[in-house]
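A quick write-up on the structure given underneath.
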Amino acid sequence: MSKTLPAGFADLEPFADWAIPTEGARYAKRLASTMDELQAFYDAAFPHLEAATSYLEQLRLEALPEDGKRLLWLFCSLTTVSFPVEVWRQARVPDSGASAFDAVVEPAV
Amino acid sequence: MAHFPKPAEGSWTQHYGLDTGPVSYEDSVTPSYYELERAAIFKKTWLNVGRVEQLPRVGSYFTREIAAANTSVVIVRDSNGDVRAFYNICRHRGNKLVWNDYPREETSGVCRQFSCKYHGWRYSTTGDLTFVQQESEFFDLDKADYGLVPVRVEEWAGFIFVNLDAEGTTPLVEYLGELGEGISSYPFDKMTQVHKYRAEVGSNWKLFIDAFAEFYHAPVLHAKQSVAEEASKLSQVGYEALAYKIDGPHGMVSSWGGMSPPKDLSMVKPIERVLHSGLFGPWDAPDIGIDELPPGVNPARSAAWGIDSFLFFPNFMVLIWKPNWYLTYHYWPTSYNTHIFEGTVYFVPPQNALQRLQQELAVVTFKEYALQDGNTLEATQTMLESKVLTEFPLNDQEILLRHLHTTARNYVNNYEQPQSRTPVRVSAVS
């Protein structure tokens, strides 16, 4: 498998498909996943969160290398799945029915 | 038992001279009443349509669809650098002037001039008709008579407002009153990192404002978001605001909020403990270049302060959070029982990728709450429409709702019976 994440985060390569550039697409992947899949991603990524914060803190936003960008997006996805895993125990917000809340403006990175 | 002091009258509601009886919600389920609100409110008051950062240079423009007024406006920074607004309609045969791909959708961009897609009539950014295709075919056409139709537009603290009432004379700053003045020096211009969300909500526009204008619901509706111990504590204590203020048609609630950072890390989710961010924003507040908050923010000057929510009538809310960021809410009616909700988060631009990630956690947390709130409203709307019950008791922590519905009713009454005007301005009794 080709390396898409910075050295030190090789364990997360199997979950590189969570390195998604937009909030809407991250949320769509959350809704399309089973709880087992969300849990597996969370369990793999969460232990690296501490290391990721130290790594990301060194990266200037205006000069992000490609692998750093993907690491940022992957951990953005961890924030997206944190409510289902830590709180809801389901992918959808409880009692949210068919309602949607869509990003229409968000940062380029 | 009260945890925070109330005014001498014993309640905020009586302090501001509002009655304390049950409130009728027929104003939220009646199609003919909505038609009156469109004319009396949305075609008469100042409506926030955006911020100056959306018009960074000469020729920058954006459009806003205002369904409640059955119109579209285009807002542009003209060749002199001034902000102008026009009805988005070509003078030739009424085509929508500025749109892309989908005529009903909003758009933005930069241009030297506006050019109609239909017959190529062109207008300068100052609204002058500058080119007519085959001009000699027309009969006595003087281009000076066919400029774009202007809309009143004014700015306050970098927020751009339009007013569709061509005869109105109240300046924006006067309309926003004391509450606007009290926060006008807040450094909104430093918070240019924008995340904007949009939802179509199946309720009357006032019902969503109701939801965000009180925190009485928070310990209950959002109980699951807190860890179990914290949720049970919150529901026992309930909610009390630090202060309420009402001035004219506008109101604000000042609230405590100890979650940034939390007093006890076990109060928050695991990811928040590591990322130092959550619903109340990133815990490390960025520098915004002021020593003291403007007088209108945290008016009680409480050490427990966490967030102020300002409701500028009719449909614009500004929420200022202690860790130096803010949110805006807009509620754009599309029918008596539907509206478009916009929630926009504004941060100081992150310097590094960690700060970006911390902001993302705050944003996605906001989204979880908003999805819960929005869907609850459909549940409310459907039962209000049953008309099994039409009047409801509102408590003192729901004063801003009572004031909103009262204000809207006063605007409608004044529109229907201009000879017996009810004063719309309300102020403290004392």
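Applying the criterion of being closer than 22 Å to A:Pro84 by Cα and of a type in the set (Gly, Ala, Ser) to the residues of segment B:361-380, the residue that is surrounded by the most Cβ atoms within 10 Å (Cβ to Cβ) is B:Ala362. Selection of segment B:333-353 for residues being free of Cβ contacts under 8 Å to residues at least 60 places away in the same chain and either buried (at least 21 other Cβ atoms within 10 Å of the Cβ) or not polar (S, T, N, Q) (or both) yields only B:Ala353. Would you confirm, using the coordinates I've provided, whether B:Tyr118 is touching a Leu at 6+ places or on another chain (Cβ under 7 Å), without any contact (Cβ under 8 Å) to a residue 60 or more places away in the chain and more than 14 Å from chain A (Cβ to nearest Cβ)? No: the conditions fail for B:Tyr118. Number of residues in segment A:18-49 that are part of a helix (DSSP H, G or I) and of a type in the set (Val, Ile, Thr): the value is 0. If the condition is being loosely packed, with under 15 Cβ neighbours inside 10 Å and either more than 24 Å from B:Gln359 (Cα to Cα) or in the same structural domain as B:Ala157 (by TED's automatic domain parsing) (or both), then segment B:284-299 contributes only B:Pro295. Taking segment A:1-57 as the range and being β-branched (Val, Ile, Thr), more than 14 Å from the chain's Cα centre (by Cα) and modelled with pLDDT of 95 or more as the test, only A:Thr34 passes.
Among the residues in segment A:71-85, are any more than 7 Å from every other protein chain (Cβ to nearest Cβ) and surrounded by fewer than 20 Cβ atoms within 10 Å (Cβ to Cβ)? No, segment A:71-85 has no match at all. All of B:Val83, B:Val74, B:Val52, B:Val98 fail the test of being farther than 26 Å from B:Val318 by Cα and out of contact with any helix residue (DSSP H, G or I) (no Cβ under 6 Å at 6 or more places or on another chain), apart from B:Val98. Scanning segment B:198-251 for residues that are of a type outside the set (Lys, Arg) and touching a Pro at 6+ places or on another chain (Cβ under 7 Å), we see that the one that is modelled with the highest pLDDT is B:Trp205. Answer yes or no: is there a residue in segment B:24-39 that is farther than 30 Å from B:Pro418 by Cβ and not basic (Lys, Arg). Looking for residues that are farther than 30 Å from B:Pro418 by Cβ and not basic (Lys, Arg), one finds none in segment B:24-39, hence no. Within segment B:396-421, the set of residues being small (Gly, Ala, Ser) and either without any contact (Cβ under 8 Å) to a residue 60 or more places away in the chain or surrounded by fewer than 18 Cβ atoms within 10 Å (Cβ to Cβ) (or both) comprises just one member, B:Ser420.
Listed here are the residues, each with its yes/no results for (1) more than 28 Å from the chain's Cα centre (by Cα); (2) of a type in the set (S, T, N, Q); (3) not in a strand (DSSP E or B).
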position	(1), (2), (3)
B:Gly147	yes, no, yes
B:Arg152	no, no, no
B:Glu155	no, no, no
B:Glu174	no, no, yes
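Okay, residues lined up against (1) under 24 Å from the mean Cα position of the chain (by Cα); (2) aromatic (Phe, Trp, Tyr):
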residue: B:Val49; (1), (2): yes, no
residue: B:Arg57; (1), (2): no, no
residue: B:Tyr61; (1), (2): yes, yes
residue: B:Arg64; (1), (2): yes, no
residue: B:Val76; (1), (2): yes, no
residue: B:Ser79; (1), (2): no, no
residue: B:Phe86; (1), (2): yes, yes
residue: B:Cys90; (1), (2): no, no
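For segment B:348-362, a tally of residues being more than 7 Å from every other protein chain (Cβ to nearest Cβ) and more than 11 Å from B:Gly278 (Cβ to Cβ) returns 4. Quick one: would you say B:Pro295 is of a type outside the set (Ser, Thr, Tyr) and either touching a residue at least 60 places away in the same chain (Cβ under 8 Å) or under 30 Å from B:Glu26 (Cα atoms) (or both)? Here the answer is yes, as B:Pro295 does meet what is asked. Scanning segment B:381-395 for residues that are surrounded by fewer than 19 Cβ atoms within 10 Å (Cβ to Cβ) and either closer than 20 Å to B:Lys245 by Cα or not charged (D, E, K, R) (or both) yields B:Thr382, B:Met383, B:Ser386, B:Val388, B:Leu389, B:Thr390, B:Phe392, B:Pro393, B:Asn395.
Conditions (1) among the β-branched types (Val, Ile, Thr); (2) in contact with a helix residue (DSSP H, G or I) (Cβ under 6 Å, 6 or more places away or on another chain); (3) more than 10 Å from chain B (Cβ to nearest Cβ), marked per residue:
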site	(1), (2), (3)
A:Ala40	no, no, yes
A:Gly68	no, no, no
A:Ser96	no, yes, no
A:Ser99	no, yes, no
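The values are calculated or read from the model by the stated rules, or taken from the named source; none is laboratory data. Because the structure is a prediction, the values reported are computed rather than measured. For neighbour counting, all protein chains shown are included, and Cβ atoms are generated from backbone atoms with ideal geometry for every residue, glycine included.
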